[in-house]
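What follows draws every value from the coordinates through simple rules; no lab data is involved. Predicted, not measured: the structure shown is a model, and the values here were computed from it. We place every Cβ from the backbone using ideal geometry, glycine too, and count neighbours over all the protein chains shown.
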Amino acid sequence: MLISNIDWAIIAAFFVVSMLIGVITSRQAGKNAKEFFLSGRNMPWWLLGVSMVATTFSADTPNLVTDIVRKNGVSGNWVWWAFLLTGMLTVFVYAKLWRRSKITTDLEFYEIRYGGKPAAFLRAFRALYLGVFFNIVIMATVSLAAIKIGGVMLGLTPIQTMLIASIVTVFYSSLGGLRGVLLTDFFQFFISIAGSFGAAWYILQQPEIGSLDALFSNPQVSDKLNLLPDFSDSTTLIPLLIVPIAVQWWATWYPGAEPGGGGYIAQRMLSAKDEKNAIGATLFFNIAHYALRPWPWIIIALSSIIVFPEISDLKVAFPHLPDDKLNDDLAYPAMLTFLPVGLLGIVLASLIAAFMSTISTHLNWGSSYVVNDFYVRFIKPDASDKEQVMVGRLSTVLLMVFAAFLALELQNALQAFEILLQIGAGTGLIFILRWFWWRINAFTEITGMVVSFVVAIYFELYHEKLGFEALLSHEKLLWGVTITSISWILVTLLTKPEKDQVLRGFYKLVHPAAYGWKKFLQRNPDIQPEKGQLPFEISLMLAGCITVYCTLFATGFWIYGNIAAGMVSTGVAVAGGLFMLLGWKKMKVD
């Protein structure tokens, strides 16, 4: 396809603004490590919330949604919609606890909740495991989408795409620190939203599609519109809805949807002005991420079924792409090739923005682990602020280099999504309970981490080679959750709990609700039990989930032309939202 001078000018302007933000914020970011990684702990909820949304609007997200819709219909999106449950749990239960901890990264948590060498090992190992290995895998999946977009829309080779995209992102990420990332995310968020809505609107005008009504009545599309799987077909109901809602959301660890919060979500909460802003940021993120953004991607995915019904059609349209990059997720950038001059430039800029916002966050987050939780903690505790910032900037560059090389080996977005889910299977409940059950110890987390990884490797690499029947993705997940959960529960009960001195320090700092701390508090009568509002907070979580899901459904029903269902869903969403917002005001927060 031909890119006009106008489109190139829009893209160039976007790059210039992004780099200028990095340059402008570089001086402030370079003052000390807390400025570089937490922006001075003084960020407002709206900036943090928009940054979270921008980060999760990565270049691979519309590709993933397209992959899912083409394979399993709209209802297939429950594999990620289910994570709203843990998102709302973080909003109303964990956000204020994270902010109270006053730590720099969520890995510091290990040495305030646990004690001794096991806690130190856990912090060091996860700094490298999450900050380097896991983070590189995540960035590689995002980079894979960039490769496909560059190949389809710009005719670039995978190597050319990674060189161009990486250099600009690393430039402003390494200069501006978290403050630069947040401000760039804010700018990029609006470009991304405008691009996705504009693209969906224009594609619907194409003669192959015609209109919304024509799209939904097309026989190739009409059987993929249901918001829930067919309840009479267990082969789709179990993997697409039952497993995600009943197990996946609380039992697995996935970046951006960690049970109890964590990763870059925790980083945003830790950089908030106060507990109220931490809660507001995560609430805005969950509403925008699950209720407001999916439909433009879904419409484009459904349209692609008409234009490119088979993967072979994509091969014919883009013969220069390597065969290992051809999959259903390629259909999203393929549809964008129909866009006109001007809108094409905006959409390309929006996709570049989506890529850069996600990568920049992961680079800053990953380098914070490398510096704060490994280099300063174990290599050079007396490192100056200037040296910490320098190591942070160097690790930012190296993380991007390794991610780019791995991206060249991956094939499709859904494949990477399922692998990441499997690696974290069975560990989620640990992250939920460790705040509220005194018996959880460092060996609990070590066991969960090791067993889940070993089980994932077994199922991905060795299960079929040993002659066993191939398992479906959800079956692997259930086995992983079961084996890992049994393992860490047994280890927890067979090992000694943390020393009371460690638990006392943690409880006095964070003040979790006393429900799972009763035995500890009985031994330490001088500590005032925290009554808390846990049942009330969980009721707000459920109200939040109902509100967001009904908003998501209402949007779909209105688009489908189902007026009655749209009105009912809208009414329930409004009622749930009012209950949630009124209840939020009664929460005890600083």
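Things worth noting here:
- Report note on the peptides 583-589, 159-165: ranked by the mean count of other C-beta atoms within 10 Å, highest first, their order is 159-165, 583-589.
- Residue pairs exceeding 28 angstrom between C-alpha atoms, taken from K273/K519; K386/K588; K276/K476; K276/K380; K96/K476; K518/K586: K273/K519; K386/K588; K276/K476; K276/K380; K96/K476.
- Separation in nanometres of the label points that stand 7 Å from Cα toward Cβ, at F231 and R41: 5.0 nm
- Estimated FRET transfer efficiency (Y462, I489; beta-carbon r; R0 35 Å; 0.05): 0.90
- Put simply, when 190-198, 543-551 are sorted by average Cβ atoms within 10 angstrom per residue, most first, you get 543-551, 190-198.
- Kirkwood analysis of the stretch 424-498, using all unique Cα-Cα pairs, places the hydrodynamic radius at 12.9 Å.
- Relative protection proxy for 506-515, 355-364, 308-317, from highest mean packing down: 355-364, 506-515, 308-317 (other beta-carbon atoms within 10 angstrom).
- Between helix 158-204 and the chain: long-axis angle, C-alpha atoms, 0 to 90°, nearest 10: 50 degrees
- Mean separation of Cα contacts under 8 Å (6+ apart) over length of the stretch 208-267, as relative contact order %: 13 percent
- Prolate/oblate/rounded call for the stretch 483-590, Cα gyration tensor, a/c under 1.5 rounded: oblate
- Against the chain, whose longest principal axis comes from its Cα atoms, helix 473-494 is set at around 10 degrees.
- Positive dipole terminus of the stretch 5-413, leading residue within V142, I265, I209 (C-beta point charges): I265
- Selection from P309, G256, V243 lying farthest towards where the dipole of the stretch 209-333 points positive, charges on Cβ: G256
- Taking the fewest neighbouring Cβ atoms within 10 Å as the starting point, the ordered list for L302, L225, L339 is L225, L339, L302.
- Answer label, with Rg and Dmax of the Cα atoms in Å calculated from the coordinates and candidates (i) 25.2, 86; (ii) 26.7, 79; (iii) 23.4, 75: (iii)
- Dipole size of the stretch 73-222 about its Cα centre, with +1 on Lys/Arg Cβ and -1 on Asp/Glu Cβ: approximately 820 debye, rounded to the nearest 20.
- Cβ-to-Cβ counts within 10 Å put M19, M153 in ascending order as M19, M153, the fewest first.
- Rounded tilt (10° steps) of 294-307 against the dominant C-alpha axis of the chain: 40 degrees
- Across the options T492, V589, V53, the greatest Cα extent toward the positive end of the charge dipole of the chain (unit charges at beta carbon of Lys, Arg, Asp, Glu) belongs to V589.
- Net charge dipole size for the chain [Lys, Arg +1 and Asp, Glu -1 on Cβ; Debye, nearest 20]: 2540 debye
- Mean separation of Cα contacts under 8 Å (6+ apart) over length of the chain, as relative contact order %: 27 percent
- What you get for the stretch 483-523, charging only the Cβ of Lys and Arg (+1) and of Asp and Glu (-1), is a dipole of about 180 debye around the Cα centre.
- Electrostatic tally near D67: other residues with Cβ closer than 9 Å to its Cβ, Lys and Arg +1, Asp and Glu -1, net 0.
- The relative contact order of the stretch 424-498, computed from alpha carbon pairs under 8 Å that lie at least 6 residues apart in sequence, is 51 percent.
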